[in-house]
Structures are given as C-alpha cells and as structure tokens.
Amino acid sequence: MPNYNKVLLMGNITRDIELKHTASNQAVATIGLAVNRRYKTKEGEDREDVTFVDCEAWGRTAEVIHQYFGKGKPIFVEGRLKLDQWEDKDGKKQSKLRVVIEGFEFVESRGGGDGGGGGGGGGRSSGNREYAPSTRASGNRGQGTHQPVEEEDIPF
C-alpha cells in the first residue's frame, strides 16, 4: 500500500527560533508556529481557533530560517509529520508529533512592511521559494557560537 506524508502550513512564528548544532555540526532549529482558523458558528458569530504546531528544520534550511525569521513573522512551510518517542526521567513513555520542515516560503506581512527578510507576494508562485534540496547543500557550516547537542538529545 502506498504512503504519503506531506504537511502544508502557513502561520506566524510564536517564539524566537532556537538554533543548535549536533555533535557532527549539523544545524537544527526548533520553531513554534501558530495557525489560525476563522469561521462562523450556526448563529453567525465569528470565531477563531488557533493551533500551535512544533516544527524543526535541519541543515541549511534551519540556518536560513533562523537568519531571516523571528517571533511574529509569517511563514509558509512544507514538510512531513514525525512522531518522536522517548522515556522521561521517571521511565514514563512520552511522545510528541512535530513537523519536519523540508521547504518554506517567505510570506509578505499584512502591513506591507518587513516580510521576514524576503518580501514576495506569499503566493506559491513566488520567486523567493526555498526548497530543502537547495538549502541543505552546506548544512555542516557552523557559526561557532552555538552549543553542540547530541542527536539523541532531540527532542528538546
């Protein structure tokens, strides 16, 4: 049976992006994303739900997102779902579902001001598109200011 794991999300970054490096100097960024859903109730009342999604990016993708985005900036991400499982210090099994970002786009902010460093119209035909294959090309470039982490230390 075929399988397909693809996630497309557009929202705002909820906190400062954390960039770390593994022991092998592979960059990894943790990103919080808020995705809003607006709708009307049967009674005609406007409502809004917010879904908070934890994301991670690796290699050059992580470095570029860390460089050009920050808290409150809009972003469009493409990726896949990943289930992390571990045991906590009490031996209890834990799990967390997150999105591994494989590509992203700059999205112009509503005010027409700073669009996260890249401008662009936010449409899928934007020339500012960053894809994982082109952004992962040199994922081993470290900046020397980040603490190395072990790959088994992730999730954070």
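The values are calculated or read from the model by the stated rules, or taken from the named source; none is laboratory data. The shown structure was predicted, so the numbers you read here are calculated from the model rather than taken from an experiment. A quick note on method: Cβ atoms are made from the backbone with ideal geometry, for glycine too, and the neighbour counts reach across all protein chains shown. Accessible surface areas use protein heavy atoms only, side chains included; no ligands, DNA or RNA. Shrake-Rupley method; radii C 1.70, N 1.55, O 1.52, S 1.80 Å.
General observations
- Verdict on LYS42 being basic (Lys, Arg) and surrounded by fewer than 15 Cβ atoms within 10 Å (Cβ to Cβ): yes
- Checking each residue in segment 49-66 for being more than 13 Å from ASN12 (Cβ to Cβ) and of a type outside the set (A, V, I, L, M, F, W, C) picks out ASP49, ASP54, GLU56, GLY59, ARG60, THR61, GLU63, HIS66.
- Pairs where the first residue, in segment 47-60, is on the phi < 0 side of the Ramachandran plot and the second is open to solvent by 50 Å² or more (accessible area, probe 1.4 Å) and of a type in the set (A, V, I, L, M), C-beta under 7 Å, 6+ apart: ARG60/ALA137
- Counted as qualifying within segment 28-112 are the strands (runs of 3 or more DSSP E) with 3 or more residues that are β-branched (Val, Ile, Thr), namely 46-58, 93-106.
- Pairs where the first residue, in segment 1-25, is more than 17 Å from ILE75 (Cα to Cα) and the second is among the hydrophobic types (A, V, I, L, M, F, W, C) and modelled with pLDDT under 95, C-beta under 6 Å, 6+ apart: LYS20/VAL149; THR22/VAL149
- None of ASN12, ASN5 is at pLDDT 95 or above, assigned to a loop (DSSP other than H, G, I, E, B), within 22 Å of PHE104 (Cβ to Cβ) and not charged (D, E, K, R) except ASN5.
- Residues that are in contact with a Cys (Cβ under 8 Å, 6 or more places away or on another chain) and within 17 Å of ARG15 (Cα to Cα) within segment 67-99 comprise VAL77, ARG98, VAL99, listed in sequence order.
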